[in-house]
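The values are calculated or read from the model by the stated rules, or taken from the named source; none is laboratory data. Being a predicted model, the structure only gives us computed values, none of them experimental. Positions of Cβ are backbone-derived with ideal geometry, glycine not excepted, and every protein chain shown enters the neighbour counts. Surface areas here come from the heavy atoms of the whole protein model, side chains and all, with no ligands, DNA or RNA. Shrake-Rupley method; radii C 1.70, N 1.55, O 1.52, S 1.80 Å.
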Amino acid sequence: MQLRPTVAAAACALAAASPALAQKTDVQITGHVYKPTPKKPTKEDVRALTLPDGFQIAPFAEDLENPRIIAVADDGTVYVSQRRPGSLVMLRDTDGDGKADTRKTVAEKKDLHGVAVRGDEVWFTTVKEVYVADRNEDGSLGEPRLIVDDLPDGGQHPNRTLAFGPDGKLYITVGSTCNACAETSDESATVLRAEPDGSGRTIFASGLRNTIGIDWHPKTGALYGLDHGIDWLGDDEQPEEFNRLEQGKKYGWPYVWGKGGINPQDEPPGTTNEAWAKESEEPVLLYTAHAAPMQLLFYDGGQFPDAYDGDAFATMRGSWNRKPPAGYEVVRIRFENGEPKAIEPFLAGFVRDAKDGGHVQLGRLTGLAALPDGSLLVGDDENGVIYRVAAGK
């Protein structure tokens, strides 16, 4: 479906709340609602996926239900959230053959999504809550303890994620409730920081539409995140943003985007888009619009060639708002001397041309984690598969 709306029409729902929209706005945008035809990949399809020379891919676990965020304990136990059924599943590869042979549901909560492991404890989130539970020797969990019960409402982006920083603090990502709007909660569209027990919660960074993946550079300690761009700015706008996240800084959403881009739908109250842009941090890198970045991971696993040390990987799930489709891949974010330089495909081939002139997609990639042996786990939340990507045979 191809749409060419004016932004004035697209923004009509915001007009009542924003006097700035009383002025005429007329910006033509070419956009699409486009979803490639889903196909469950065969063994031949998996073998045809593209990786750099010297890398292999094979299923690690199959027949999962909507696997989303992946976290790995020091002993190699894998925890993966299943959002749709609302469960946390534990996986183990006990014989070291690269495939999970032990599986157990260890927690159940509605809309369970974000997961983090530290020491002998596991933290996980729902839309408004954060829980922590003790780990047992067999990978199962004790009774979850509720430590946060008042995160903002979810709205359009209810998928919270968790991560522990080098400072020992718990970081919580909270997406926006909308595509582009003035939020009613200061904690929406932010990254929050709290003590491991949930106390002392503060806003670490703001102006982030939906930053699901965050991680720290292993050498510099800098925090980075990938933010989802605004929909309906066009097939090639807004690019996805790779941001260096710093305490107290804001990152543009919902009024400005990218490197100087202005959202014509609205203006911030009491100021201008241009002034808001000067107060906001620009992204350090940009990537294809509507690729839909998910989990982010800096690599220091030791199995891949030395050139990958200190680089980052990210899953791109793909969006409905672009033609031709973008995403459906794992990207590598190259760093040099601790600074980000480029984003490029690493694992690709999940979108293919169809005979009818359209496209077929073989997976929606979401979860990403490293095993203790240095191989990567990549989750496909649509087909219920977690793949293992390894260097060598």
Exercise. Measuring from centroid to centroid over Cα atoms, what is the spacing of segment 51-127 and segment 310-373 in Å?
Worked result: 20
Exercise. Using the Cα gyration tensor of segment 247-393, with a ≥ b ≥ c the square roots of its eigenvalues, what is the shape: rounded (a/c below 1.5), prolate (a/b larger than b/c) or oblate (neither)?
Worked result: oblate
For this session: Note down the relative contact order for segment 300-393 as a percent, whole number, built from C-alpha pairs under 8 angstrom at least six residues apart.
Result: 25
For this session: Name the aspartates and glutamates eligible as straight-distance cross-link partners of Lys43: C-alpha to C-alpha under 20 Å, and not fewer than 8 places from it in the same chain.
Result: Asp53, Glu62, Asp63, Glu65, Asp97, Asp101, Glu329, Asp353, Asp380, Asp381, Glu382
Problem set entry | Relative contact order (%) - criterion: Cα under 8 Å, at least six apart; region: the chain | 18
Problem set entry | Stokes-Einstein diffusion coefficient of segment 165-317, Kirkwood radius over Cα pairs, 37 °C, 0.692 mPa s, in µm²/s | 204
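For the pair Leu146 and Glu121, what calculated FRET efficiency results from E = 1/(1 + (r/R0)^6), where r is the Cβ-Cβ distance and R0 = 25 Å, to the nearest 0.05?
Efficiency for this residue pair is about 0.95.
Can you give the local net charge around Tyr34? Use residues other than it whose beta-carbon is closer than 11 angstrom to its beta-carbon, Lys and Arg +1, Asp and Glu -1.
Values: positive: Lys35, Arg322, Lys323; negative: Asp235.
Summing Lys and Arg as +1 and Asp and Glu as -1 gives +2.
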Problem set entry | Accessible area per residue in Å² at 1.4 Å probe, computed on segment 254-309 | 43
Seminar exercise, completed: Computed on Cα atoms, the radius of gyration and Dmax of the chain in angstrom are 20.6, 67
Seminar exercise, completed: Expressed as a whole-number percentage, the relative contact order of segment 213-265 with C-alpha contacts under 8 angstrom and at least six residues apart is 26
For this session: Taking only protein heavy atoms into account and a 1.4 Å probe, give the accessible area per residue of segment 64-156 in Å².
Result: 45
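Carbon and sulfur atoms: what percent of the 1.4 Å accessible area of segment 311-352 do they account for?
Carbon-and-sulfur percentage of accessible area, whole number: 41.
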Problem set entry | Per-bin percent of Cα-Cα distances, segment 316-393 [5 Å] | 3, 13, 20, 22, 19, 12, 7, 3, 1, 0
For this session: Taking every Cα atom in segment 48-184, find the radius of gyration and the maximum pairwise distance Dmax, and write them in Å.
Result: 16.4, 52
For this session: Using only the alpha carbons of segment 52-110, determine the length spanned along each of the three principal axes and report them from longest to shortest in whole angstroms.
Result: 41, 23, 20
Problem set entry | Asp134-Asp63 pseudo-label distance in nm [points 7 Å out on the Cα-to-Cβ vector] | 3.3
Problem set entry | Inter-probe distance in nm under a simple model that places probes 7 Å from Cα toward Cβ, at Thr42 and Ala307 | 3.4
